Each structure stands twice: as C-alpha cells, then as structure tokens.
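Here's the structure we're looking at; comments come further down.
The values are calculated or read from the model by the stated rules, or taken from the named source; none is laboratory data. This structure is a prediction, so every number in the text was calculated from the model and none was measured. FYI the Cβ positions are ideal-geometry reconstructions off the backbone, even for glycines, and counts take in every protein chain you see. Ligands, DNA and RNA are excluded from the accessible area calculation, which covers all protein heavy atoms including side chains. Shrake-Rupley method; radii C 1.70, N 1.55, O 1.52, S 1.80 Å.
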Amino acid sequence: TVSNHSATDAVSDVHFTVTDGEGFEKSATVENVSVLSGETTEIYAEVDMSGFEYWSPESPKLYTITAETNTDCISDTFGMRAFYFDERTGKPILNGEYRYLIGTNVPFYRFLEDPLRADLPWQEEWVRSVLLKFKEMNMSIIRFHCGFVPDFWYDLCDELGIMVDDEWAMFGNYECQP
C-alpha cells in the first residue's frame, strides 16, 4: 500500500529489494505509480526468490525486504517457510519434511497478573533469555494464548528459530450456532 500524505499528486517508481546480509539480493520495480493527494493505492510486485534458503528451527534464515519510493523507505524481516498438516496422515510438515512438534504454552495475560513480573515482558534481553531456555529444552514451537505478546517477541522467535502458534483470546459464554 502506498499513501500520499502531501498536498500534491505524486508519481514514483516503487523499488523492492530482498537481501539476507550474506550476498543474496533480488529486486523488482513497479514503475510510475501515481497516487493522488490524500489517497492510498495498492501495488503488487513479484520478486524472483530463486536460490532462497528455507527458515527452520535449526537454521532460522531471515531476509529483509525494503520498499523504496522517491521520498520514503520501509523495511521488514521475514523467513521463507511452508508449514501445513498432511491431509492423509495429519502430521505436521515444515518445508516438505515431517516435523515432530515439541513446545510449550505461554499464557501471556496471566503472566501480566503476576506482581513480581515488573517490566520484564518488555525487556528484550530477558525475553531472549527465556526463549533461549525453551530452545535449550529442544522446543521448536510456542503457543501464545490468553493474549498477544509484544511484537518484538515474534521477531525474536523468528531470529532464534521458534515457530509460533498464536491463539486468539476468546472468553465468555458463547452459544453454538447450528
């Protein structure tokens, strides 16, 4: 999505670059994107990712995508992975291979009720040390439930090779609908 917050209409190329910091670099450009003053438009680009490496708990390979216009630039980090449950066996598959899931539950909102927690959930060093303890116990997946963790927790999980099962916090008395 490209937004124009200026008082005049704008035209710009939008250049996308994917890198890994180790020599992998792919790019694509969408030319002459026109956005009226105060408007937003969606654009789509395909970046050839041939030669990429899959992300896995053993090798958490991450890439950075950067989108750049004449006046702005934004970046984000991601990993390339394919995860699904085999329709025939019901077994979890990561990047085409069976994956035995070993993990734990983190009920985040319940943790917030602990008066001794202080500001630990917002300290990156502390969160990293907790996640590394899970890795030391051969865990490769964490189920966050009873609330969402701060965004940087997800980034650390990607960086450290921990899959996330994010569960919506659903509370209350709900009736089943036929």
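The condition of being at pLDDT 95 or above, small (Gly, Ala, Ser) and under 16 Å from the mean Cα position of the chain (by Cα) holds for only one of Ser56, Ser27, that being Ser56. Within region 92-121, being surrounded by 13 or more Cβ atoms within 10 Å (Cβ to Cβ) and small (Gly, Ala, Ser) holds for one residue alone: Gly103. Just so you know, in region 1-26 the residues that are free of Cβ contacts under 8 Å to residues at least 40 places away in the same chain, of a type outside the set (Val, Ile, Thr) and open to solvent by 70 Å² or more (accessible area, probe 1.4 Å) include one that is nearest to Ile141 (Cα to Cα), and it is Glu22. Can you tell me which residue is surrounded by the fewest Cβ atoms within 10 Å (Cβ to Cβ) among those in region 125-144 that are of a type in the set (D, E, K, R) and within 19 Å of the chain's Cα centre (by Cα)? Among them, the one singled out is Lys135. Scanning region 51-71 for residues that are open to solvent by 60 Å² or more (accessible area, probe 1.4 Å), under 14 Å from Thr17 (Cα atoms) and out of contact with any His (no Cβ under 7 Å at 6 or more places or on another chain) gives a single hit, Phe52. Within region 30-50, the set of residues being open to solvent by 70 Å² or more (accessible area, probe 1.4 Å) and either among the acidic types (Asp, Glu) or over 20 Å from the mean Cα position of the chain (by Cα) (or both) comprises Glu31, Asn32, Ser34, Leu36, Glu39, Thr40, Glu42, Glu46, Asp48.
When region 77-121 is filtered for residues that are among the polar types (S, T, N, Q) and either in contact with a Leu (Cβ under 8 Å, 6 or more places away or on another chain) or touching a residue at least 24 places away in the same chain (Cβ under 8 Å) (or both), the ones remaining, listed by number, are Thr77, Asn95, Thr104, Asn105.
For region 16-32, the condition of being touching a Gly at 6+ places or on another chain (Cβ under 8 Å) and of a type in the set (Gly, Ala, Ser) holds for none of the residues.
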